[in-house]
Structures are given as structure tokens and as C-alpha cells.
Amino acid sequence: MERQKQEQEQDLIFALDIGTRSIIGMLGKAVGDRFQVLAIDAEEHGKRAMLDGQIEDIDQVARVARVVTSRLEEKMGRRLTRVCVAAAGRALRTEQASFRLELPQVQRVDDALVSRLEAGAVSEAEAQLAEDQEARRFFLVGYTVRQYQLDHYPLSTLRGHKGQELEAQVVATFLPSEVVESLYAVMNRAGLEVASLTLEPIAAMNAAIPAELRLLNLVLVDIGAGTSDIAVCREGSVVGYTMATVAGDEITEALMNAFLVDFHTAERLKTSLESREPVVFTDILGLEQSATGAQIQEAAAGATAQLVQKIAEEVLAVNGGTPPSALFLAGGGSKLAGLRPMMAQALGMDERRVAVAGNNYQKTAFSDEYDLNNPAYATPLGIAVSAGLGLVSDSCVVTLNGANAKLFRSGMLRILDILLMNGYTYGDLIGRTGENLTIQWDGKRMVFRGEPAVPAELRLNGKDAAPTATVHAGDKIEFTPAQPGQAAARTLGQLLGEDFQGKAWVNGQAVPLETPLRNGDAVTTMTVRKPDQVAQEAAAALAEEPAGQPEEQAPKQEPAAEVPEPRPVPALHIMFNDRPLALQPKPDGAPYYLMDLLEYTQLDFKHLDRPVTLLVNGEPGAFTQQIYPRDVISIRCEPEK
């Protein structure tokens, strides 16, 4: 019988490295200023489900992720629900930006001010990216503060200092939305909630190069199967990221062509580059072949040279055109035979200054069961260390209804952006008035209004807020969606009233008084007179008849009862979207609200691609705001950028 698994503790970090060739999972906890690795598991993709770091087959990757997760659950006796991941992509973009904040007076800098300053710098970076990439949507996946300044004096940290003019310079990294969304889709299908997301080079840097070494100009190259991620640090900060879309797969594909073998056989040959014994294999024609390590190296030489050259070009570009003081190689591809001297030569560096990462892992992580000095562990260990020790500054620091919000976005960070990216819609924010009931009563059109929506409740850090309010790191949002109003409803009896004396038909059919009315129904009525009223009317008619034999006349049809007209109430006159609009009084006398004007906007709220701006007399408005005579109101989509 399977034992009952405990729930994942809050401090138990579950990291998954979704690589092109395999998925590696790690479990552990922060112990002091280091991360203790408690369990590791890995599984290769059954087929090529990823290409150059991008997920191609979501279902296949999700199945492998679930296999790794299940094994770790068995090892730890825990049911894992929250996961930390890192993203890599073919169209990685980085932007450098700064933001200055001038305080009204000299004061001590606290966490709130630092968060506000960093958020401003990131927003500036997003604005720069938007100018160049108008047609493509990018997500912010991470940022690093390059430098702070306090009253024009550079500092590595601002917290606790006193000053009046603050500035932060950041390096912000962005990925195309499809890269991030596919990663979330995989985690969702694997039954996991993404607790944090960062970029692979950020994570690998945090694992391989401790903060105290970053005063030097160092470069980390994480060579995976599909991509090679590059991070640069100097003067104590990480100053740039980039990537090369060449990696271990290029070597594998060269061997496939050279020896006519399938992908998995080529992968086995690649790990035998330094083998002294001939490697026996079967080619795609079914013939048994063998190759020495020297022959395999010769077959891979061209692809290896191209790999080294491309990585060297990217390293020099991101490092300002000069080689770094030292270069660390990480990832499974770093094990490639002869790679270190080739990289040193391509960069014009001393070979002793090119090393395989792993020797510094013990400064940030340790394990009683596993040997962590493996370059393939750079990314998964970095993800775990970054999350466990709080080393990563990504955008997942705002809470929505008590949970971390998914905040990857383009443009200014507002409450509205957060709500839309976490599954809410404009309808949840605005609410819908209940459906009206329109009928014809003895030829006269009557409209019964639906009930107004129950307004949404929106609070930022405990105070009422507008959807357009700017959000900063560390903010807490509480949101209760609007509830649609009740649709107008009447039965035939409710329409006619308790005092009605007569007969009634709905759409020409006699129906019970408790019959609910529907939109478009036609109600016809005929008053029934009492006997004494009929006698009185007959006597009056005879008294008016002239002498002689009365003519035989056809009986007169009783006219339909007249509905008393209500006392006229003046219309509500306003200016709406630059045109005069007269709002007729509601039947129940209720006031008009901005939400009542939605039917006049001609906007399709189910397919909006831009935010909606509300202005009342030139000031931002809310959909629950009451309308008064002569108000000047505008409800429009924001213009395209």
C-alpha cells in the first residue's frame, strides 16, 4: 500500500531545469547562507521535444517533468506542488536602463524605496524594448541592479543609508512571450505551480560564481544541448547576458551525418571522444561499425570549431570587445573533449584562465549524498540556490489575493496588467448590468431594466485603488471580481398587478398569470366590467336614443385598458465621447453609473486588445461612479503604440 505523502513545506525548494536534452530536478533547503541539496533526479526526453531551448512538444516535456517529479516525491515522501524554473530562448533581449527618484527631503532608504526605484528602472528598460519590438510581445524574466547612486555617489546597496536623490541602473532581460507561456503550460500539465521564474544564465551565475568573486571581470558560459547561455560580471555586479543558438546538438548532428547513425547513437559517440578503445555501433543501414576516439574527434572537429567561434564572438560582444579575466564553462556541453584550449585560443586567453565550473559550488551549496562538482548541475543548482537564498530579483514579488502573481509583462506595471495576466477579464473588473426585459403591452413598448452589477473591490496595500494605479515590487493586491446584476424578470401577473380585472393573452395565447415573460413577448389585455356597471351603461345609452325603432347595431368591441402614463421626469443630459447624449430616466428611478454607458461605446469587451481609459470631467473615473447632469465623460481604448 502506498504511503501517504506529506505536503511540500514552504521552505522546501523544488527546482526543475527543463533542458533541450533532459530534465534535471533538485530538492533542498536553505541552511544558513548555503543551500543543502537533499535529492536529485534526471530523465532524458524520449524524443526531440525541444529545439534550441524552446519547448516544441508540450505534452512530451510535461510527461518527462512528471516522471522526475514523481521520483523525487518518492525519495522525499513529499507531494510536490510548487516548482522553481528558469527559461532560455532563441530571441533573448537585454536592455540597460536607469531611473532617478528625488525625495522631498533627506531620509533613510528602506526596502519600499529600493523596490520603487528598481521598478522604475525596469519600466524604463521595457519602454526602450517596446520602441524596437512593436509587433512582438516580450516578458520580463529577470533583472540585475548594475549600480546604485545616492546623491551622485556610487554604492553597492542603498538600504540603511540616508539621502535625497536615488538612482538605480539595471540590466533587464526579456524573452518572447511564447517561450515563457510554453514553460508555464508544461508545468500546469505536470500538476505544478510555478513559484518563481528566472533566466538560466542568471541562475547558473548564482551557482558557479559567488558574489565575492564578481569584482573581477568573469564570464560564465553554460553550454546545454540546444543553447549556450552567457553571463558577464565585473565590479561586483552582473552586467550583461546573452546567448548563442549553438550548443551540443551541433556536435551530435555532425556525428549523425559522418557515421550515418540515429540521434541517440550519435549522443553515445559524442561521450566517447576521448575513448581509447574503439566504439562499436550499428548505423541506420543495419551494419555494425566501429570508430576510435580520434576518428570521432575528427568527425566532430568542424562543428566544434564553429561552436567555439560563435560562443567567442558572443562573449566578446557582451564584454565590450575584450576577453574577460577568466571564463567558466558549465553545462553538459562543457565536457566536450578539447573545448577548454579551443575557447582560450579563440578568445586570446591563457588556457589556465578557462576552467570548468563546479569548484565553487561548495561556497553556495552542499550535499551529504551527492557530488555537486558536475558542470551539468550549474543551471538546476543555480535555480535552487537563487530561490532558496533569495539571490534572484525577478518580477514575481507582488502578491494577488495572498499568492505570488505572475507578472511578466510589457509596458508600465499597473494593477490592470496584473489582473489580466492572472486570468481575470475586463468583465471581472467592470461587471455586467443584468439583462433588460423588453415587451409589448397593448401595442406599447415597455423596458424593465436589469439590476446593476455588484461593483468589484480592489485594494492596494490595504487601501482602495484604481485599476490604473502603478504597482511596485512588494505590493499586495486584493481583488474581488464584480458580480453581474440580476436580469430583469416579470411574470404576467406581476405585470398586470393585483387589481387587474379582465383577460390577458401572451403572443395570442391564454396563459396562467404566473407565466414568466420573455424578451419580445406581446401582451394583450381586455377589461372585464361588473354587471351593475354594464346595467348603468345600458340605461344611459337608452336615455340618449331617439324615439322610434332603434337600428340594429353590431356590438362594440371593448377598448383595451389604457396604461396610465408616469409623471414625466427630465432626461439626464451629458457629453459622451465628444457628443451630447440624453439618458432617459430608469423605470425604477435609479441613478445612472459609468457602467451604464458601456452599451453606447460600441466596444467589444470580449476581444479587447488594449486597456480602456475612463475620464469624467478630465479626471480618471471608475465604472461604479455615479453620473450627474452636464458631466463630460470619455470611455475609449488607449491608442495603439
- Item | Cα gyration tensor, the stretch 248-294 - rounded (a/c under 1.5), prolate or oblate | oblate
- Probe 1.4 Å, heavy atoms of protein chains only: per residue, the accessible area of the stretch 467-516 in Å² is 62 Å²
- Item | Glu235-Ala469 pseudo-label distance in nm [points 7 Å out on the Cα-to-Cβ vector] | 3.8 nm
- Label-point gap, in nm, between Leu103 and Thr515 - each point 7 angstrom along Cα→Cβ: 7.5 nm
- Item | At most 14 other Cβ within 10 Å, DSSP loop - trypsin sites (Lys or Arg not before Pro), the stretch 157-240 | Arg159
- Message: Could you work out what % of the accessible surface of the stretch 206-322 is carbon and sulfur, using a 1.4 angstrom probe and leaving DNA, RNA and ligands out of the count?
- Response: 50 percent
- Taking the convex hull of the Cα atoms, report for the stretch 259-346 its projected area averaged over all directions, in nm². 6.3 nm²
- Note on the structure: Stretched fully, the stretch from Tyr424 through Asp578 gains (0.36 nm per residue minus C-alpha distance, one decimal, in nm) 52.4 nm
- Task: Rank these residues by their accessible area, most exposed first, probe 1.4 Å: Asp11, Asp475.
- Result: Asp11, Asp475
- Message: With a 1.4 Å probe and all protein chains left in place, how much accessible area per residue does the stretch 193-235 have, in Å²?
- Response: 24 Å²
- Task: Can you send over the solvent-accessible area of His264, 1.4 Å probe, protein chains only, in Å² to the nearest 10?
- Result: 110 Å²
- Item | Asp11 paired with Ser275, simple spin-label distance in nm, labels 7 Å along Cα-to-beta-carbon | 4.7 nm
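The values are calculated or read from the model by the stated rules, or taken from the named source; none is laboratory data. Here the structure is a predicted model, which is why all the values come from computation and not from measurement. We place every Cβ from the backbone using ideal geometry, glycine too, and count neighbours over all the protein chains shown. The accessibility values were calculated without ligands, DNA or RNA, using every heavy atom of the protein model including side chains. Shrake-Rupley method; radii C 1.70, N 1.55, O 1.52, S 1.80 Å.
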